[in-house]
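To start, the structure under review is shown below, and the notes come after it.
Throughout, read-outs are computed from the coordinates displayed, never taken from laboratory work. What you are looking at is a predicted structure, and each value in this text was computed from that prediction instead of being measured. Here the Cβ is made from the backbone with ideal geometry for all residues, glycine too, and neighbour counts use every protein chain on show.
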Amino acid sequence: MQKIVAIGGGKLALRETLAIDRAIVRFTEKSRPRALFIPTASGDSPEYCEIFQSVYGRGLKCSVDVLTLLGTAPAHATMARMIRQADLIYVGGGNTLKMMRRWRRLGVDDLLRKAWRRGCVLSGISAGANCWFEAGSSDSMKFYRPDDWTFIRVRGMGLLPATCCPHYHAESREESFAELIGKHGGVGIALDNNAAIQVLGDTYRVLASRESGRAYRLQRLRGEVERRELDARRRFTPLSDLGFGGED
């Protein structure tokens, strides 16, 4: 059964998302899962890799490997093997646009789609949440034009047919995301820092590592964008309640 955990934001180094991270590890149903960290969006930051090793390796007792893709990428067979062997894959935050372009150039998106189909837990934060959706609200342009940029819509992998918005309140994205949904339509899922949407097959639930972590559904109806908060529940709820289902 397909499994995704998309996290809106939070500082991994400060263990702000630890309750969600624990849920990701439990989601594998393995006592010592093999965790693969993909830090493309952060420019393959060595510091970020060490933080992940500290939290998921030493802290949550996973066997950790890291797939770096910038500069000289591994051979396709090596990438395929690393992704195939993983019980959970965690994608770090950063530049969504750069990451998706690189993945498509290397064929990593297709390898990740195969992992999803076999039931590997696909997870990540910020850019690593955007990537699993049809599209994501992204601040990627600030990496290219730091003095003159706006939020943009970046095409993701489409495993979840909706548009994601991470850091919803933390970065004051409420207005820009409503405008994006108003322009493009479809369902929007807005995630605060320390909040996540956990998807199991054709069901979902909202996770929060802090009380401030909330999730919202946005949709354009009769020319207006309506928003409702999604309840954080123990039980999984049909994705059809959000107006969409998983990919066929």
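Could you work out the percent of alpha carbon pairs in the stretch 59-99 separated by over 17 Å, rounded to a whole number? Beyond 17 Å sits 42 percent of the P(r) for the stretch 59-99.
Based on the mean of other beta carbon atoms within 10 Å per residue, what is the order of 32-45, 124-137, most packed first? Walk me through the intermediate numbers first.
On the way: 32-45: 22.5, 124-137: 27.3.
Most protected by this proxy first, the peptides run 124-137, 32-45.
Both radii were evaluated on the Cα set of the stretch 55-123; the Rg over Rh quotient, with Rh as the Kirkwood radius, amounts to 0.95. If only the Cβ of Lys and Arg carry +1 and only the Cβ of Asp and Glu carry -1, the dipole of the chain around its Cα centre is close to 780 debye. With viscosity set to 1.306 mPa s at 10 °C, what whole-number translational diffusion coefficient in µm²/s follows for the stretch 71-202 from Stokes-Einstein and a Kirkwood radius over Cα pairs? Approximately 103 µm²/s, per Stokes-Einstein. Normalised by residue number, the volume inside the convex hull of the Cα atoms of the stretch 87-164 is 73 Å³ per residue. Its DSSP H runs of at least 4 residues, each contributing -39,500 (n - 2.57), put the calculated 222 nm mean residue ellipticity of the chain at -7000 deg cm²/dmol, to the nearest 500.
Given Cα pairs under 8 Å that are at least 6 residues apart, what percent is the relative contact order of the stretch 3-242?
Working: 539 pairs, mean separation 51.5, N = 240.
Relative contact order of the stretch 3-242: 21 percent.
As a ratio to 2.2 N^0.38 Å, the alpha-carbon radius of gyration computed for the stretch 1-75 takes the value 1.12. Residues Val225, Val91, Val154, arranged from fewest to most other Cβ atoms within 10 angstrom of their Cβ, appear as Val225, Val154, Val91.
Excluding same-chain neighbours fewer than eight residues apart, the aspartates and glutamates reachable from Lys11 by a Cα-Cα span under 19 Å are Asp21, Asp44, Glu47, Glu50, Asp139, Glu171, Asp192, Glu211. Put simply, when 173-180, 231-238 are sorted by average Cβ atoms within 10 angstrom per residue, most first, you get 173-180, 231-238.
For the chain, would you read off the P(r) tail past 31 Å as a percentage of all alpha carbon pairs?
On the way: 4824 of 30628 pairs.
Tail of P(r) above 31 Å: 16 percent of Cα pairs.
For Trp149 and Arg210, compute 0.36 nm times the residue count separating them, minus their Cα-Cα distance, and round to one decimal in nm.
18.9 nm
Relative contact order for the stretch 23-65: 50 percent, from Cα pairs under 8 Å spaced at least 6 residues apart, divided by residue count.
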